[in-house]
Amino acid sequence: MNKQRHLLVVSGPSGAGKDTVVRRMMEKYPEIEISVSATTRLPREGEKDGVDYYFLSVDAFEEKIQRGEMLEYVHYCDRYYGTPKSEVDRRLEVGTTVVLVIEVIGAANIKKMYPDCTLIFIMPPSLEELSRRLHGRGTESEEAIQKRLLRAKEEIEKKELYDFSVVNDDADRCAEEIYSILQKRLEE
Ligand code: 5GP
């Protein structure tokens, strides 16, 4: 069995609901583990350090880059985001399925390092719905929302880079679709 097949990378524009979809999938299939990313953005209300992200200062993040502890990282909307190596390698080594929820540049970099991983792009039902969800979340300024919407359009244009794309019209249905894609890949 190729261990890279256990690596699942999920991307999608901010507000497409990818975190909810992945959470539902993990609730139903607890054998799947999520990689906790590091970031220099501030925690949103309710977010916990070490659970949602490792919230780091810019200095601490740059130190990790320098020490070679980041598998990949990007500068996204003026913040650093990255996958610590420790979140992925030890799990793949023991054959645990690990999910990375990251943006497109990071996903492309992971695919270069792990060509047999599976890249899945989560689409919002429409751009109008995406805008509605971002506004409804109420966590970002209008300027930050506009930045995210612009970035979303750019990301959607890159969805051909992905092995599969799925529409998040319903989080549970979408979670099932992703799980069955993963199962098929593991059986190949
Ligand atoms: P948010 O600020 O909404 O939590 O995340 C912003 C974007 O950064 C999302 O598209 C999210 O998937 C992406 N992201 C989160 N963690 C990582 C990471 O470790 N690496 C990369 N490349 N992107 C990430």
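Quick one: K111 ticks every box in (1) touching a Leu at 6+ places or on another chain (Cβ under 8 Å); (2) closer than 18 Å to V22 by Cα bar one, so which box is it?
With respect to (1) touching a Leu at 6+ places or on another chain (Cβ under 8 Å); (2) closer than 18 Å to V22 by Cα, K111 is out only on (2).
Restricting to region 166-175, and then to whatever is part of a helix (DSSP H, G or I) and touching a residue at least 12 places away in the same chain (Cβ under 8 Å), can you tell me which residue is surrounded by the most Cβ atoms within 10 Å (Cβ to Cβ)? Can you show your working first?
Our first condition is that a residue be part of a helix (DSSP H, G or I); within region 166-175, this holds for 171-175.
Filter once more, so that each one left must be touching a residue at least 12 places away in the same chain (Cβ under 8 Å): 171-172, 174-175.
On the way: A171: 18, D172: 13, C174: 25, A175: 22.
So, considering only residues that are part of a helix (DSSP H, G or I) and touching a residue at least 12 places away in the same chain (Cβ under 8 Å), the one surrounded by the most Cβ atoms within 10 Å (Cβ to Cβ) is C174.
Please tell me if T96 is more than 10 Å from the ligand (Cβ to nearest atom), touching a residue at least 12 places away in the same chain (Cβ under 8 Å), touching a strand residue (DSSP E or B) at 6+ places or on another chain (Cβ under 6 Å) and not charged (D, E, K, R).
yes
Is it the case, given these coordinates, that E160 is touching a Lys or Arg at 6+ places or on another chain (Cβ under 9 Å), closer than 20 Å to S11 by Cβ and modelled with pLDDT under 95? Can you show your working first?
Numbers: touching a Lys or Arg at 6+ places or on another chain (Cβ under 9 Å): no; closer than 20 Å to S11 by Cβ: yes; modelled with pLDDT under 95: yes.
No.
Give all pairs with beta carbons closer than 7 Å in which a residue from region 72-85 that is more than 7 Å from the ligand (Cβ to nearest atom) meets a residue that is at pLDDT 95 or above and among the small types (G, A, S); count only pairs at least 6 apart in sequence or on separate chains.
From region 72-85, the pairs are P84/A38.
Restricting the first residue to region 121-132 and requiring it to be modelled with pLDDT of 90 or more, which pairs with a second residue that is among the aromatic types (F, W, Y) meet a Cβ separation below 6 Å and a spacing of at least six or different chains?
F121/Y162
Just checking, which of D19, D89 is part of a helix (DSSP H, G or I), within 8 Å of the ligand (Cβ to nearest atom) and at pLDDT below 95?
Numbers: D89 fails: within 8 Å of the ligand (Cβ to nearest atom).
Result: D19 is the single residue among D19, D89 that is part of a helix (DSSP H, G or I), within 8 Å of the ligand (Cβ to nearest atom) and at pLDDT below 95.
The values are calculated or read from the model by the stated rules, or taken from the named source; none is laboratory data. Predicted model only: the values in this text are computed from it and were never measured. Note that each Cβ is placed from the backbone with ideal geometry, even for glycine, and that neighbours are counted across all protein chains shown.
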